[in-house]
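Shown next, in structure tokens, is the structure this report addresses.
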């Protein structure tokens, strides 16, 4: 495995799917927690303001393809509950 890089992932949600997301949320959170336990996910959470609904996730992986592979297994993604997402390299600093 190559050098690890950090990645900022933004999920954008469709408000019309709020109920469906609520139903899948426990499985989604359990999956993200498992990635955190594995050292892949550094942080995650929904935006908590009046802006467009969505979430920010910070991950560590060798490349964007690896990040996309992890995201593809997210129950929200598998259920079609993420309207769109972006994956960008992030040169931030994280307290460990």
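Computed from the coordinates by the stated procedures, all read-outs in this text should not be read as laboratory data. Worth saying up front: this structure is predicted, and the values here are computed from it rather than measured. Glycine also receives a Cβ, built like all others from the backbone with ideal geometry; neighbour counts cover every protein chain displayed.
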Task: Top-ranked residue of segment 42-58 - restricted to ones that are under 11 Å from residue 10 (Cα atoms) and within 9 Å of the chain's Cα centre (by Cα), ranked as surrounded by the fewest Cβ atoms within 10 Å (Cβ to Cβ) - done: 45
TODO: Return the residue satisfying two criteria in turn: it lies in segment 1-38 and is assigned to a loop (DSSP other than H, G, I, E, B) and touching a strand residue (DSSP E or B) at 6+ places or on another chain (Cβ under 7 Å), and of such residues it is farthest from residue 95 (Cα to Cα).
DONE: 13
Open item on the list: Looking at 83, 39, can you tell me which residue is within 14 Å of the chain's Cα centre (by Cα) and at positive phi?
Closed with: 39
Open item on the list: Suppose the filter is touching a residue at least 12 places away in the same chain (Cβ under 8 Å), crowded, with 17+ Cβ neighbours inside 10 Å, outside any strand (DSSP E or B) and touching a strand residue (DSSP E or B) at 6+ places or on another chain (Cβ under 9 Å); does residue 76 pass it?
Closed with: yes
- [ ] Return yes or no: is residue 89 more than 14 Å from the chain's Cα centre (by Cα) and surrounded by fewer than 17 Cβ atoms within 10 Å (Cβ to Cβ)?
- [x] no
